[in-house]
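Working notes for the structure below.
The values are calculated or read from the model by the stated rules, or taken from the named source; none is laboratory data. Fair warning: this is a prediction, and the values are worked out from it, not measured in the lab. Positions of Cβ are backbone-derived with ideal geometry, glycine not excepted, and every protein chain shown enters the neighbour counts. Protein only, heavy atoms only, side chains kept; ligands, DNA and RNA dropped before computing areas. Shrake-Rupley method; radii C 1.70, N 1.55, O 1.52, S 1.80 Å.
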Amino acid sequence: MGKRKFVTKKYISAEDIKVVRKKLGLTQKEFAELIGCSKPTIERWESGDTPVKGPVVLLLQLLNKDPEIVQKMEIPPKVYPLRLWYMHEQTVCTMIDVDELNQKVKIKNYAENIMFRAFGRIENPDFDMYQQFLESRCFPRTRDKMKLILKDLDLPFYDPFMIIEKTEGRMAEDDFWIRIER
């Protein structure tokens, strides 16, 4: 079998970058955040007359071909006072917005694999499902010597949310965790 070849451009121009960025409806700063570089880099690329080479060439080709991917990756505005980021290592799997007072939950899944989603196939969990999810990221209520564990965590009683605030919902057997944003 011969050497594999691809139809990736060798370089892109300043105009190519501007066209894709504007097609996506992004400012230079937003575009820089999306592709993981600095705003001055985007400014330099867009104002220069030197061809731009490297991985950004393929990335722009993919973004131009499938601009909807940006919407899939965009962080929506916070709709409730509490936001939980269900993570696997550094990857956001599910974003969970919670209104505890009115017992409402809204989620956005970023993981394609349902095993990596906080609620699996469920797209519209209710508040009870949310509470079950929190408890699933804690040690069991029936754990032997639970009072000693709570004392180590400096908690007065078993409350899944308070435990997650202390432990980030980390479990010994997996790489999932929860970041809390108020």
Residue tally, condition part of a loop (DSSP other than H, G, I, E, B), open to solvent by 40 Å² or more (accessible area, probe 1.4 Å) and farther than 15 Å from residue 98 by Cβ, over the range 123-168: 11
Qualifying residue in the range 90-97 (condition: open to solvent by less than 90 Å² (accessible area, probe 1.4 Å), among the charged types (D, E, K, R) and at pLDDT 95 or above): yes
Pairs with Cβ under 7 Å, 6+ apart, first in the range 171-182 and assigned to a loop (DSSP other than H, G, I, E, B), second among the charged types (D, E, K, R) and open to solvent by less than 50 Å² (accessible area, probe 1.4 Å): 171/137
Enumeration of residues in the range 55-100 that are of a type outside the set (S, T, N, Q) and free of Cβ contacts under 8 Å to residues at least 12 places away in the same chain: 55, 62, 65, 66, 68, 69, 74, 77
Count - residues of the range 76-89 that are farther than 21 Å from residue 166 by Cβ and open to solvent by 90 Å² or more (accessible area, probe 1.4 Å): 1
Within the range 101-110, considering residues that are buried (at least 17 other Cβ atoms within 10 Å of the Cβ) and free of Cβ contacts under 8 Å to residues at least 24 places away in the same chain, the one farthest from residue 131 (Cα to Cα): 109
